[in-house]
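Here's the structure, in structure tokens; my notes come after.
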Amino acid sequence: MPDYHGIIFAYNTSRQLGALVRQRTSSSLPFCCRYRLIDFPLSSLSNAGIHDVGVIMQRDYQSLLDHLGSGKEWDDSRRKGGLRMLPPFGLPEYHTGAYAGTMEALNAVASYIHSIPQSNLVLMRGYVAANIDIAAAVASHEASHLPITAICARNPAEPLNYQFLPEADGSSQRMVRSQSPEINGLWSLEAYIIRKDLLLSMMRTCQEDNKVHFHSDALFDYLRSGGRVNLYVHESYACVITSDENYFRANMDMLDAQSRASVFPPHLPLRTKIHEEVSTYYGETAKVQNCLIADGCRIEGELEHCLIFSGVHIEPQVRLQNCIVMRGAVIHGGAQLQNVVLDKYSEVSATTVLRGSDKFPFVLPKSSKI
């Protein structure tokens, strides 16, 4: 799609993710044994033929840089255009905190936005687990002849912040900030297709009025002034990752065959950085029930409803139930874990017992030993 350019917001991190984002942004969180959350928007854009993409970053982005590299896994490594990493080069020297909102993040890279040759932008969050058919959304956008298309979900994994109230023609002039399912609106996935000239106008107005938010400032003003938004509905699985609880739930949802098929349809491949690993070894004492396990592991314990990333070693007499174990973790003999998230390279000593709940999983930070 030569007239479309992707912008991914990978700068912000929810405090409710706690230890999981101590050394990374939300967008670089590992997901479903081999992926990162940012793989979703990058793959969605790539599948639609959009290979000019800017990723807006700010803090703790080393993990993100290591994962993305030159962007070749998403066919974004190109002489002209391709994948561009956008640090906060447009802020004054005294600004040392996080971006206060999306419009501030866009104005921080305003020179990049102005230089984009395409006339349409696809704005996406880097921490949404949803494999969106952007090509279909673009077709809906062009057919509507409206300057903005909001990509929405009818039934997300959990309530989101904003809802559009649809009209008969599939557009909307009303947006409400509410998580109530009784409103019967379409939930915004905070992904938009927007004309570049309109976005630049919004950016300029927000900067002049010292406003920083896309929804509560720019988009509300646009709708109040008589603007209209086209609505495209993403019917498949969608979850916005903002807390330990929904990160845990979204990963556990991937153990359900129907949810997994919705996230990984054959016609919309999810691309990621490749790690070459040997096959996983299963010992004589291994018992595995309803689990997803990556290559390069050594499994000798009992696992039920677990997601295991590559390079994990689980010794004999270990019992895991409803756990997420990230790359390179080691769990020694006799340990019992239930509703636990082990970050990368963590280690659990023998006979240790750790138990969380599905709403409050126990999270062991990266490289921890317990």
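Assorted remarks:
- Near pairs, Cβ below 7 angstrom, 6+ apart or cross-chain, from segment 348-370 (within 19 Å of L29 (Cα to Cα) and among the small types (G, A, S)) to any residue that is in a loop (DSSP other than H, G, I, E, B) and open to solvent by 70 Å² or more (accessible area, probe 1.4 Å): S367/Y345
- Of the residues K344, K273, the single one that is closer than 20 Å to M254 by Cα, modelled with pLDDT under 95 and either of a type in the set (F, W, Y) or under 27 Å from the mean Cα position of the chain (by Cα) (or both) is K273.
- Hey, D66 open to solvent by 60 Å² or more (accessible area, probe 1.4 Å) and either touching a Lys or Arg at 6+ places or on another chain (Cβ under 6 Å) or at positive phi (or both) or not: no
- In the set (1) free of Cβ contacts under 8 Å to residues at least 24 places away in the same chain; (2) open to solvent by 40 Å² or more (accessible area, probe 1.4 Å); (3) more than 27 Å from the chain's Cα centre (by Cα), the condition left unmet by Q338 is number (3).
- When restricted to residues that are over 16 Å from the mean Cα position of the chain (by Cα) and open to solvent by 20 Å² or more (accessible area, probe 1.4 Å), segment 29-57 contains 4.
- Segment 159-176 - residue that is modelled with pLDDT under 95 and small (G, A, S) and, of those, most open to solvent (accessible area, probe 1.4 Å): A168
- When E104, E73 are checked against the criterion of being of a type outside the set (S, T, Y), over 19 Å from the mean Cα position of the chain (by Cα) and open to solvent by 10 Å² or more (accessible area, probe 1.4 Å), a single residue qualifies: E104.
- If the condition is being within 18 Å of V341 (Cβ to Cβ), outside any strand (DSSP E or B) and open to solvent by less than 40 Å² (accessible area, probe 1.4 Å), then segment 289-313 contributes C291, A294, C297, G301, C306, F309, S310, G311, V312.
- Residues being modelled with pLDDT under 95 and either among the aliphatic types (A, V, I, L, M) or at positive phi (or both) are entirely absent from segment 243-255.
- Verdict on E235 being open to solvent by 60 Å² or more (accessible area, probe 1.4 Å), in contact (Cβ under 8 Å) with a residue 24 or more places away in the chain and under 19 Å from the mean Cα position of the chain (by Cα): yes
- Looking only at residues in segment 316-335 that are free of Cβ contacts under 8 Å to residues at least 24 places away in the same chain and either farther than 15 Å from I299 by Cα or not in a loop (DSSP other than H, G, I, E, B) (or both), the one that is farthest from the chain's Cα centre (by Cα) is R319.
- Of the residues examined, R154 is one that is under 23 Å from the mean Cα position of the chain (by Cα), among the basic types (K, R) and exposed (fewer than 14 other Cβ atoms within 10 Å of the Cβ).
- Tally, over segment 245-261, of residues that are open to solvent by 30 Å² or more (accessible area, probe 1.4 Å), more than 12 Å from L20 (Cβ to Cβ) and part of a helix (DSSP H, G or I): 7
- The selection criterion, being open to solvent by 10 Å² or more (accessible area, probe 1.4 Å), in a helix (DSSP H, G or I) and not small (G, A, S), does not hold for Q23.
- Filter result for S46 (small (G, A, S) and not in a loop (DSSP other than H, G, I, E, B)): yes
- Scanning segment 262-273 for residues that are open to solvent by less than 20 Å² (accessible area, probe 1.4 Å) and assigned to a helix (DSSP H, G or I) yields one hit, V263.
- All positions within segment 177-211 that are among the β-branched types (V, I, T), over 22 Å from the mean Cα position of the chain (by Cα) and either at pLDDT 95 or above or open to solvent by less than 30 Å² (accessible area, probe 1.4 Å) (or both): T205
- Residue list for segment 269-301, restricted to those being in contact with a Lys or Arg (Cβ under 8 Å, 6 or more places away or on another chain) and β-branched (V, I, T): T272, T280
The values are calculated or read from the model by the stated rules, or taken from the named source; none is laboratory data. Small disclaimer: the values here were computed from a predicted structure and weren't measured. Quick reminder, even Gly has a Cβ in these numbers, built from the backbone with ideal geometry, and neighbours come from all protein chains shown. Heavy atoms of the whole protein, side chains included, go into the accessibility calculation; ligands, DNA and RNA do not. Shrake-Rupley method; radii C 1.70, N 1.55, O 1.52, S 1.80 Å.
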